[in-house]
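A short worksheet on the structure shown next.
The values are calculated or read from the model by the stated rules, or taken from the named source; none is laboratory data. A quick note: this is a predicted structure, and the numbers were derived from the prediction, not measured. Neighbour counts run over all protein chains shown; Cβ positions are idealised from the backbone, glycine included.
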Amino acid sequence: DAKTTQPNSMESNEEEPVHLPCNHSTISGTDYIHWYRQLPSQGPEYVIHGLTSNVNNRMASLAIAEDRKSSTLILHRATLRDAAVYYCILRDRGGGSEKLVFGKGTKLTVNP
Amino acid sequence: NAGVTQTPKFRILKIGQSMTLQCTQDMNHNYMYWYRQDPGMGLKLIYYSVGAGITDKGEVPNGYNVSRSTTEDFPLRLELAAPSQTSVYFCASSRNRDEAFFGQGTRLTVV
């Protein structure tokens, strides 16, 4: 399975934008890029996903590099509630493993 | 919709006891997953299922068993509980490889 690489931790200030990077240099053509986050003492929650084009939803934006070897999750205005561990995961829609495996993710700290 | 429901929320087991963690979803999702999360660590996949009657091992299946007799339910069985199984257990479901929805977790302590 294609792997992802994320920084262990990042810090941001409240109400500022946050850019969370993810590298996936071995991504295949049928891999979708998924992002989840886990707030303290809660189960993970889905944030956003995309294939090639940039994606926006009410929670965040996903910017995907043209060669698809990296992507960035963008939180436009961080709030204290956005402090969480963010996971970047590849999901192969073209076959391959059905497993949903989480890496270590990036722990985001938001300072007031 | 209730989404993914896990019971119980908390449980204390004695070493050697057995129990079943229940997970049910009302979204008609075909994929279901069980994870464990040790304190301060990431999620580890225990077992998963892509449909009723089909289950497969994840990253850390030893000490656990699962069954999937219906689309809605995916119970996780612990036989002969050990202190190393003290963890928070999360169940999740998804429609194929779309976004997954997680339950609130079961906090299990084995003493």
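Some points to look at:
- Per the conditions (1) among the aliphatic types (A, V, I, L, M); (2) touching a strand residue (DSSP E or B) at 6+ places or on another chain (Cβ under 7 Å); (3) more than 10 Å from chain A (Cβ to nearest Cβ), the sole criterion not satisfied by B:Ala2 is (2).
- Whether a residue is assigned to a strand (DSSP E or B) and in contact (Cβ under 8 Å) with a residue 60 or more places away in the chain was assessed, and A:Leu62 does not pass this test.
- Hey, A:Gln42 within 22 Å of B:Glu59 (Cα to Cα), loosely packed, with under 15 Cβ neighbours inside 10 Å and within 13 Å of another protein chain (Cβ to nearest Cβ) or not: yes
- Scanning segment A:58-71 for residues that are within 29 Å of B:Gly105 (Cβ to Cβ) and surrounded by 12 or more Cβ atoms within 10 Å (Cβ to Cβ) yields A:Met59, A:Ala60, A:Ser61, A:Leu62, A:Ser71.
Conditions (1) part of a strand (DSSP E or B); (2) within 20 Å of B:Gly40 (Cα to Cα), marked per residue:
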| site | (1), (2) |
| --- | --- |
| A:His19 | yes, no |
| A:Tyr87 | yes, yes |
| A:Gly94 | no, no |
| A:Lys104 | no, yes |
| A:Lys107 | yes, yes |
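- Subset of segment B:25-46 (residues that are touching a strand residue (DSSP E or B) at 6+ places or on another chain (Cβ under 6 Å) and closer than 18 Å to B:Asp98 by Cα): B:Gln25, B:His29, B:Asn30, B:Tyr31, B:Met32, B:Tyr33, B:Trp34, B:Tyr35, B:Leu45
- The residue that is farthest from the other protein chains (Cβ to nearest Cβ), counting only those in segment A:73-92 that are surrounded by 15 or more Cβ atoms within 10 Å (Cβ to Cβ) and out of contact with any His (no Cβ under 9 Å at 6 or more places or on another chain), is A:Ala78.
- For segment A:31-65, a residue qualifies if it is charged (D, E, K, R), farther than 20 Å from A:Asn8 by Cβ and at pLDDT 95 or above, and exactly one does: A:Glu45.
- Evaluation of A:His34 against (1) within 13 Å of the chain's Cα centre (by Cα); (2) farther than 27 Å from B:Gly105 by Cα (one fails), failing number: (2)
- Of the strands (runs of 3 or more DSSP E) lying entirely inside segment B:24-111, not one is found with 3 or more residues being more than 13 Å from chain A (Cβ to nearest Cβ) and crowded, with 20+ Cβ neighbours inside 10 Å.
- If you go through segment A:65-85 and pick out every residue that is part of a strand (DSSP E or B), more than 20 Å from B:Arg97 (Cβ to Cβ) and of a type in the set (A, V, I, L, M, F, W, C), you end up with 4.
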